[in-house]
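Read-outs: derived from the displayed coordinates by stated rules, not from any lab. Just so you know, these numbers come straight off a predicted model, no measurement behind them.
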Amino acid sequence: MRSLRSRRNTELVLVLVAVALGMFGYAEATLALRGAVSGSLVPVGAGLGALAVAAHLAVRRWAPYADPLILPLGVVLSSLGLMLIARLDISYKARYPHSSPGVPGAPGQVMWLCVGAVAFIAVLGLLTHHRVLQRYSYVTMAAALALLLAPALFPGDTYGAKRWIFVGPLSLEPDEFVKIAIAIFFAGYLMANGGALALVGRRVWGLRLPHGRTLGPIVAVWAVSLLVLVFENDLGTSLIFFGVFIVMLYIATERVSWVVLGVLMAGLGAGVVGSLSPHVAARVVAWRHPMAIFLPPDRRPPGLISDQSAQALFSLGSGGVLGSGLGQGQPWLIGFAGRSDFILTTVGEELGLAGMTGVLLLYALLIERGVRTALVLTDPFGKLLAAGLAATLCLQVFVVTGGVTGLIPLTGKALPFLAQGGSATVANWVLVGLLVKLSNAAGRTAHEQSRAGAPPPTADALTAVVRPVT
């Protein structure tokens with residue numbers, strides 16, 4: 001019992017440090033930009049601290065065995081994100097006083113953080129055990145597909161992609177919730193059908209390919225991914241949707257052939273749709289020739305219309321190792337996307353390579369805690385769900401970071417926790433709530449094993465329960 005209290009007390013200290021870190025950064029940024037610390041520092045810090053403590057108390061009440069790092073990692077990323085959004089608000093208001101980029105984004109983000117905290121507490125309080133989700137995996141997937149394809153039914157698009165559902169003045173980005181739903185469905189589906197999917201057929205080029213009859217599920221998921229690309233021009237959601245399935249499929253079957261086949265199918269689908277969709281093609285052109293935007297219009301590659309990729313590279317390059325300092329860079333030159341797609345460039349410019357590496361390590365640590373949870377859990381559904389949620393977060397961070405740094409084409413996705421966005425904020429805190437709930441079951445298992453004198457789990461434990469006998 002003392003060990004459990006120690007874990008929760010450690011979590012509380014880390015949560016408070018996370019809030020203080022974000023508020024310290026906000027004070028430094030406003031001091032650099034305005035010459036004085038903002039008067040909203042104390043009320044915002046107190047409000048954010050109250051939300052964090054409420055979330056901690058919910059963990060203490062409903063998930064006493066949970067990993068003590070998951071909640072603080074979510075809080076520190078959200079706190080840093082709020083600080084960066086508030087810092088950008090000041091520059092946008094000075095640069096674009098009479099247009100939409102000048103509208104402050106921090107007040108709305110605070111509101112959505114409150115909603116996210118309520119959603120996090122609701123997950124802990126209402127979800128009695130993670131295996132309850134297994135009963136509704138097919139219903140969850142049906143609802144997820146309806147939400148995923150719903151934006152295609154709405155007229156018009158936003159910034160080239162049809163990713164939002166509009167209800168009056170409100171907008172919803174359903175793909176942020178779909179990424180959680182597909183992890184739940186794939187965990188339930190692969191637990192029940194992992195044995196059939198692990199069966200292999202003939203060997204081709206050194207790889208054992210699956211039987212044709214087992215290709216149905218992956219072809220269906222591939223087709224849905226292409227539909228998202230064709231009708232919604234949403235490359236990021238399509239990559240995450242298909243990528244999570246391939247990762248979870250490999251975990252359930254341990255067949256490298258599925259990974260190779262999945263990569264080939266993803267490349268083929270993206271190539272075909274990229275040649276047919278002007279929006280996706282423009283992103284590829286901007287990725288291949290970012291600096292060509294500064295050429296005369298008649299010498300630019302066809303389809304190149306935005307300088308965001310070039311400005312992002314300039315921003316990251318000017319940051320150096322330690323950065324220019326909070327509030328002393330010019331990340332607002334990227335334009336309206338600085339609070340969402342390109343908020344990572346603010347980190348790179350003003351906190352430098354060191355700060356950007358630190359932020360990515362925070363994501364890596366959160367992903368590692370999800371994988372660690374999957375290692376300790378003993379039930380197949382819980383293992384696959386924890387691994388799937390960790391893979392979802394990992395893939396989204398990869399596609400956003402890769403797009404901003406020029407590693408892959410831009411996808412338009414928001415960086416989890418850091419970027420502005422209501423749907424993304426709430427969905428990410430639901431994801432954290434599920435990870436906390438899963439880690440509570442894993443912690444209870446580890447506690448019981450330690451009392452019984454059982455050895456700790458090894459890396460092979462991730463597939464020991466879900467591995468089919470072939």
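Volume of the convex hull of segment 1-64 (Cα atoms only), normalised per residue: 61 Å³.
Centroid-to-centroid, using Cα positions, segment 1-36 and segment 378-453 are 22 Å apart. Computed from backbone phi, the HN-Hα couplings of segment 175-191 come to 4, 5, 8, 5, 4, 6, 5, 5, 5, 5, 5, 4, 4, x, 5, 6, 5 Hz, rounded to whole numbers (Karplus: 6.51 cos²θ - 1.76 cosθ + 1.60, θ = phi - 60°; Gly and Pro given as x). The phi-based Karplus calculation (6.51 cos²θ - 1.76 cosθ + 1.60; θ = phi - 60°) puts the 3J(HN,Hα) values of segment 245-259 at 5, 5, 4, 5, 5, 5, 4, 6, 10, 6, 9, 5, 4, 5, 5 Hz, whole numbers, x for Gly and Pro.
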